[in-house]
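Below: one structure, written as structure tokens.
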Amino acid sequence: MSVSVLVGMQWGDEGKGKIIDVLTRDAEVVIRYQGGNNAGHTVEIGSEKFVLHLIPSGILHPGTDCIIGNGVVVDPLELKKEMENLVARGISVEKLQVSSRCHLIMPWHKLLDAFKEMKADPNKKIGTTMRGIGPAYTSKMARTGLRAVEILDKQRFEQHFRDEAASYNRTFGPLGALVLDADKAFAEVWEACEYLKPYIQDSVVTVHDAVKAGKKVLLEGAQGAFLDIDHGTYPFVTSSNTTSGGACPGTGIPPRAVDCVWGVIKAYTTRVGEGPFPTELKNAEGDALRNKGGEFGATTGRPRRCGWLDIVACRHSCFINGVDYLAVTKLDVLDDLDEVKLCTAYKIDGKVTEYFPADTEELNRVEPVYETMPGWKQNTTSAQCWDDLPANAQKYLLRMAELLETKIGIISVGPKRAQTFER
Ligand code: GDP
Ligand code: IMO
Ligand code: MG
């Protein structure tokens, strides 16, 4: 396959970073296409653990071209830090490109993110990562945002920066938001921008040439289907299209060029932040999943909410993403359980449905209908192929694939590269 998109099927943190790293063995170009440093993609290699926030997870394979696509919102201060950290750990960032069309996360976006969350009524808090993501995309849509290309002309960039900083101070200062010292903020941001200058390229041209040359291109989604601005549990979502369709506007690759969609699905469900979560386990079973799965945010360190696999939601996710193959992760986390459950339908106000409702209020009233299967009570972490899996683990996976009407392509039984095999 020449062009593949990889997306999260749930609420993020499905293990996309790990699977991207594995698939990068066969890729020549890896591109992030939406989101920003709200993402935390973990890759473990030997005893080393890397958490990538903005830089594509393919960067750990020397020689792979890595692109931060135009759909990503970039915080120059954070990107510089991330690049410097990688370099300090011996990872080259020479093959990194930042799209000149990327919108930039500016200091006022971060202040606004915090201000809005702090002011919100407790039921309306989103529980954002406070990275300025929503406000940066708001500026993009309002057509007032700063783009990476402006960094190439200091005077123009500074003028635009100062105009927007003043507009923020004028609009939000009187409401109690922190007032920005534009001189200080500009000096800090400009230092990072100068560092990034050599990496800013017209990535659409690079990507077009790569696709034309038949290179193997991997598009790395961030977050997950139910955090998508259109298809997620609105308003408890992020501000971009996290689903596979977002890969086209976020890179400049036309839909017809995409050959394959990978859906990364955790063998159970997690969510960080606020919003509905029909199969959440607010009990010792949920705590056990969190502890065994190490379910603490890779970006913010927040404990992740945990629950059973939600087939109703994931079936919807397969449909909106057009998933060709599933990559099932964290199967090993279920190893000790006596039984495992799949939520096959929702009961809402006494009515049973197999469809994922559009109304977030309705999602709060879901009573999950479960299918219970026996656990396998065996360690799967050293399984190297399908036949190494216990029979009940195979049955769980086969039932999952049957209910989702989608093929399983990859199974992951631990955080390391080697703990992965094809179906
Ligand atoms: P991402 O945001 O989708 O890339 O996922 P995160 O990196 O935020 O969270 C996934 C976590 O699970 C990371 O700590 C990974 O190292 C870890 N992980 C990935 N796959 C597996 C797996 O199959 N088993 C276990 N036990 N951990 C995994
Ligand atoms: P990866 O790529 C899990 C969640 C936040 C919050 C909501 C909005 O690692 O899977 P934002 O800061 O984007 O405005 O927050 O989205 N969120 C994620 N949850 N994984 C992520 O990324 C996330 N990125 C954002 O917790 O609920
Ligand atoms: Mg993550």
request  = Determine which member of the set V72, V30, V98 is touching a Pro at 6+ places or on another chain (Cβ under 6 Å), buried (at least 21 other Cβ atoms within 10 Å of the Cβ) and among the hydrophobic types (A, V, I, L, M, F, W, C).
outcome  = V30
inquiry  = Any residue that is within 27 Å of W108 (Cβ to Cβ), in a helix (DSSP H, G or I) and not hydrophobic (A, V, I, L, M, F, W, C) - is there at least one of those in segment 254-261?
reply    = no
ask   = Limited to segment 283-305, what total is found for residues that are buried (at least 23 other Cβ atoms within 10 Å of the Cβ) and either more than 16 Å from ligand 2 (Cβ to nearest atom) or farther than 23 Å from N37 by Cα (or both)?
value = 1
request  = Mind counting the residues in segment 289-302 that are in contact with a helix residue (DSSP H, G or I) (Cβ under 9 Å, 6 or more places away or on another chain) and more than 20 Å from A225 (Cα to Cα)?
outcome  = 4
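Yes/no per residue for (1) free of Cβ contacts under 8 Å to residues at least 60 places away in the same chain; (2) surrounded by 24 or more Cβ atoms within 10 Å (Cβ to Cβ); (3) away from ligand 2 (no atom under 11 Å from the Cβ); (4) over 14 Å from the mean Cα position of the chain (by Cα):
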| site | (1), (2), (3), (4) |
| --- | --- |
| R25 | yes, no, yes, yes |
| Q34 | no, yes, no, no |
| N38 | no, yes, no, no |
| H41 | no, yes, no, no |
| E44 | no, no, yes, yes |
| E48 | yes, no, yes, yes |
| I59 | yes, yes, yes, yes |
Of the criteria (1) within 16 Å of ligand 3 (Cβ to nearest atom); (2) in contact with a Leu (Cβ under 6 Å, 6 or more places away or on another chain), which one A192 fails = (1)
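For every residue, the table says whether it meets (1) outside any loop (DSSP other than H, G, I, E, B); (2) among the β-branched types (V, I, T).
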site: D21; (1), (2): yes, no
site: T24; (1), (2): yes, yes
site: V30; (1), (2): yes, yes
site: Q34; (1), (2): no, no
site: A39; (1), (2): no, no
site: T42; (1), (2): yes, yes
site: K49; (1), (2): yes, no
site: I55; (1), (2): no, yes
site: G58; (1), (2): yes, no
message = Which numbered condition in (1) over 27 Å from the mean Cα position of the chain (by Cα); (2) at pLDDT below 95 is the only one that R417 fails?
response = (1)
note = Residue hits (segment 213-265; aromatic (F, W, Y) and over 19 Å from F319 (Cα atoms)) are F236
query = Within segment 13-22, which residues are crowded, with 24+ Cβ neighbours inside 10 Å and more than 6 Å from ligand 1 (Cβ to nearest atom)?
reply = I19, I20, D21
request  = Name the residue, out of G275, G245, G286, that is in a helix (DSSP H, G or I), within 20 Å of F356 (Cβ to Cβ) and at pLDDT 95 or above.
outcome  = G245
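The values are calculated or read from the model by the stated rules, or taken from the named source; none is laboratory data. Everything quoted here is computed from the prediction, not taken from an experiment. Glycine also receives a Cβ, built like all others from the backbone with ideal geometry; neighbour counts cover every protein chain displayed.
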